[in-house]
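The values are calculated or read from the model by the stated rules, or taken from the named source; none is laboratory data. The structure presented is a predicted model; accordingly, all values stated were derived computationally and were not measured. Cβ: placed from backbone, ideal geometry, glycine included. Neighbour counts: every protein chain shown. Just the protein is used for accessible areas: all its heavy atoms, side chains included, with ligands, DNA and RNA removed. Shrake-Rupley method; radii C 1.70, N 1.55, O 1.52, S 1.80 Å.
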Amino acid sequence: LQLLRTTLEDAERETVERYFAPLTRAIRPAIEMLFPRADLRMNEDFTLDGLTRGRTEEKIEHLSDGTREQLAVLVRLGFADMLQAQGRPAMLVLDDALCFSDAARTDRLFNILTDAAKRMQIVIMTCRAEQFLDLSARCLRLETAPAV
């Protein structure tokens, strides 16, 4: 039983590392652009654990709402890039994902999303369309249909 347990733990560790490595490589440039000299930490279930900046380790629950939402966008983008690298179709759908971001990081994130839009379709749903006017994107509005 001990051998079986060790074998299963090793297999699980290898599987997690096999998925973490490509995801980490996929999001590293964007992380570096948004958070210079930072490293993202993830748990084995692919939830975010925190951010390491220099020698400072910050748990996810201690990060600002803006930082957490920016990291979540980058991880989603990383997964979409991984799917595309495997020849599978991928797109990114964001629903009011940048509510708490400051202007400087929002601009940097827009640069990242603009670059990603060359590789995949990105749909941003928001009730704050004015925030996204600087993006060279097609704006669609949903309206209530008249009663028939």
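Some notes on this structure:
- Fraction of alpha-carbon pairs over 17 Å apart in the chain - percent: 67 percent
- Size descriptor, Kirkwood hydrodynamic radius, that averages inverse alpha-carbon separations across segment 11-83, Å: 12.5 Å
- Taken about its Cα centre, the chain carries a charge dipole of roughly 460 debye when the Cβ of each Lys and Arg holds +1 and the Cβ of each Asp and Glu holds -1.
- Over segment 1-142, accessible surface divided per residue gives 67 Å², non-protein components excluded, 1.4 Å probe.
- Surface share of carbon and sulfur [accessible, 1.4 angstrom probe, percent] for the chain: 54 percent
- Placing unit charges on each Cβ (+1 for Lys and Arg, -1 for Asp and Glu) gives segment 1-96 a dipole about its Cα centre, and among P29, F79, F46 the Cα reaching farthest toward its positive end belongs to P29.
- Estimated dipole of segment 84-148 in Debye, rounded to 20 [Cβ of Lys and Arg +1, of Asp and Glu -1, Cα centre]: 320 debye
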